Amino acid sequence: MQVIKSINEMQAQSVSLRHQGKLISFVPTMGYLHEGHLSLFEVAKEESDITIASIFVNPTQFGPNEDLDQYPRSVERDLKLCEERGVDIVFLPSEKELYPEGYSTYVCEETLSQPLCGVSRPNFFKGVCTVVAKLFNVVRPDIAVFGQKDAQQASVIRKMVNDLHFPVEIRVAPIVREEDGLAMSSRNAYLNEFQRKDATRIYQALQKGKALYEGGNKNVDRIIAEVIHHISECRRLRVIYVNAVDIDTMKPVSREVDPGRTLIACAVWCDEVRLIDNMIL
Ligand code: AMP
């Protein structure tokens, strides 16, 4: 496995691989890898000749009072996992390499990024789109794989790729969960034993909503109320949002679930830890 830190070297390597006719897949990550990330590598490997992962904690997607400085990092362990899981190249740029002094160009998607996480994290998707656009220009992938865990992010990236004509196919892989249902996330490392236990209620609440739907109740307000009710029963959890939106457009779904298209997405504070989860009905 190759580890590349420089933009020029990464671009040259990708250009050379493309000249050799290799199909390149790409998985961008912020590191502190878990099985959720590793499942994306599996999808990537199945679809291409060369799998490239990036590890970069992107400062531009964090707000001023967010957890950039505390974000968990474990590069050596991550590189070992990448190697074990058959990643061919890891792109590991420094902050200076991607955002040198005087950096001033950003990419903003202005519609799908507004609701859900866009409300409480106003610059988040600007940071995500900017770094993903930059990484696409450096890594030059044919395919990029994202996780359903960050459903709004996947839809925003798809829209950006479409709007800006990036020659990249986007794949979205299912949410990988812990045994008790909690969606895997690097941020779960922040949770103490008690918080970790209470955090499972988020998935259970989504399941309650699903059960209601499967029992014949298609009214989104009723389903959302059920999810909020179950999360709010726990003192430690505070709902930031629970919304029903169309999976592609992120527009609110009113009245009835549109089967296979309605995303029930939520963000929750578990004490000071911000967690997100979702399901498609
Ligand atoms: P992150 O390192 O948190 O920026 O995530 C990198 C990629 O991994 C994103 O496309 C995420 O959606 C994806 N991902 C994170 N957690 C999970 C999970 N539990 N299941 C599936 N994909 C995930």
Exercise. Does the stretch 36-52 include one or more residues that are touching a residue at least 60 places away in the same chain (Cβ under 8 Å), open to solvent by 40 Å² or more (accessible area, probe 1.4 Å) and outside any helix (DSSP H, G or I)?
Worked result: no
Seminar exercise, completed: A careful count of residues in the stretch 107-146 that are within 11 Å of T60 (Cα to Cα) and either touching a residue at least 60 places away in the same chain (Cβ under 8 Å) or in contact with a Gly (Cβ under 8 Å, 6 or more places away or on another chain) (or both) gives 8
For this session: May I ask you to list the residues in the stretch 78-109 that are under 18 Å from the mean Cα position of the chain (by Cα) and under 30 Å from A244 (Cα atoms)?
Result: V107, C108, E109
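Restricting to the stretch 74-109, give me the number of residues that are of a type outside the set (A, V, I, L, M) and touching a Ser or Thr at 6+ places or on another chain (Cβ under 6 Å). Step through it out loud before you land on a result.
Start the filter on the stretch 74-109 by keeping residues that are of a type outside the set (A, V, I, L, M), which leaves 74, 76-78, 80, 82-86, 88, 91, 93-97, 99-106, 108-109.
Keeping just the survivors that are touching a Ser or Thr at 6+ places or on another chain (Cβ under 6 Å) gives 88, 91, 106.
Of the residues in that region, 3 qualify.
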For this session: Would you mind stating whether E83 is out of contact with any Gly (no Cβ under 8 Å at 6 or more places or on another chain), free of Cβ contacts under 8 Å to residues at least 40 places away in the same chain and either over 14 Å from A144 (Cα atoms) or more than 16 Å from the ligand (Cβ to nearest atom) (or both)?
Result: no
Problem set entry | Qualifying residues in the stretch 81-117 (those that are outside any loop (DSSP other than H, G, I, E, B) and among the hydrophobic types (A, V, I, L, M, F, W, C)) - the one nearest to A154 (Cα to Cα) | C117
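Which ones in the stretch 57-76 are part of a loop (DSSP other than H, G, I, E, B), touching a residue at least 40 places away in the same chain (Cβ under 8 Å) and more than 9 Å from the ligand (Cβ to nearest atom)? Before the answer, list the steps.
The initial filter retains those residues of the stretch 57-76 that are part of a loop (DSSP other than H, G, I, E, B), namely 57-58, 62-74.
Okay, now just the ones that are also touching a residue at least 40 places away in the same chain (Cβ under 8 Å), so 58, 62-63, 66-67, 70-74.
Hits for the stretch 57-76 are F62, G63, E66, D67, Q70, Y71, P72, R73, S74.
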For this session: Check G31 against each of (1) within 16 Å of the ligand (Cβ to nearest atom); (2) open to solvent by 40 Å² or more (accessible area, probe 1.4 Å) and name the one condition it does not meet.
Result: (2)
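Looking at the structure I just gave you, is N243 farther than 27 Å from V27 by Cβ, polar (S, T, N, Q) and without any contact (Cβ under 8 Å) to a residue 60 or more places away in the chain? Even if it seems obvious, please write down each step before you answer.
Values: farther than 27 Å from V27 by Cβ: yes; polar (S, T, N, Q): yes; without any contact (Cβ under 8 Å) to a residue 60 or more places away in the chain: no.
Considered against the rule, which asks whether it is farther than 27 Å from V27 by Cβ, polar (S, T, N, Q) and without any contact (Cβ under 8 Å) to a residue 60 or more places away in the chain, N243 comes out as no.
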Exercise. Here is a list of conditions, (1) in contact with a strand residue (DSSP E or B) (Cβ under 6 Å, 6 or more places away or on another chain); (2) touching a residue at least 24 places away in the same chain (Cβ under 8 Å); (3) open to solvent by less than 40 Å² (accessible area, probe 1.4 Å), and V172 meets all of them except one; can you say which number that is?
Worked result: (3)
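Would you tally the residues in the stretch 65-81 being open to solvent by 50 Å² or more (accessible area, probe 1.4 Å) and either of a type in the set (G, A, S) or at pLDDT below 95 (or both)?
Narrowing the stretch 65-81 to residues open to solvent by 50 Å² or more (accessible area, probe 1.4 Å): 65-66, 69-70, 73, 75-77, 80.
Adding the requirement that they be either of a type in the set (G, A, S) or at pLDDT below 95 (or both) leaves 65.
Of the residues in the stretch 65-81, 1 are open to solvent by 50 Å² or more (accessible area, probe 1.4 Å) and either of a type in the set (G, A, S) or at pLDDT below 95 (or both).
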Seminar exercise, completed: Flagged in the stretch 136-153 as more than 7 Å from the ligand (Cβ to nearest atom) and not in a strand (DSSP E or B), in numbering order, are F136, N137, V138, V139, R140, P141, D142, A151, Q152
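Of all residues in the stretch 158-186, which are near the ligand (Cβ under 7 Å from one of its atoms) and part of a loop (DSSP other than H, G, I, E, B)?
P174, I175, V176, M184, S185
Quick test for you: out of T130, T105, T111, pick the one residue that is within 16 Å of the ligand (Cβ to nearest atom), hydroxyl-bearing (S, T, Y) and surrounded by fewer than 23 Cβ atoms within 10 Å (Cβ to Cβ). I'd like the intermediate steps shown before the answer.
On the way: T105 fails: within 16 Å of the ligand (Cβ to nearest atom); T111 fails: within 16 Å of the ligand (Cβ to nearest atom).
That would be T130, the only listed residue that is within 16 Å of the ligand (Cβ to nearest atom), hydroxyl-bearing (S, T, Y) and surrounded by fewer than 23 Cβ atoms within 10 Å (Cβ to Cβ).
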For this session: Would you point out which residue out of K210, K197, K218 is at pLDDT 95 or above, closer than 20 Å to G147 by Cβ and among the basic types (K, R)?
Result: K210
Exercise. Taking the stretch 133-150 as the search range and keeping residues that are closer than 13 Å to G36 by Cβ and not acidic (D, E), which one is surrounded by the most Cβ atoms within 10 Å (Cβ to Cβ)?
Worked result: V145
Problem set entry | Flag for I224 being in contact with a strand residue (DSSP E or B) (Cβ under 9 Å, 6 or more places away or on another chain), modelled with pLDDT of 95 or more and farther than 29 Å from L68 by Cβ | yes
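The values are calculated or read from the model by the stated rules, or taken from the named source; none is laboratory data. Bear in mind that the values here come from a model prediction, so they are computed numbers and not experimental data. Cβ coordinates were reconstructed from backbone atoms using ideal geometry, including for glycine residues, and neighbour counts include every protein chain displayed. To get the accessible areas, we keep the full protein, side chains included, count just its heavy atoms, and leave off ligands, DNA and RNA. Shrake-Rupley method; radii C 1.70, N 1.55, O 1.52, S 1.80 Å.
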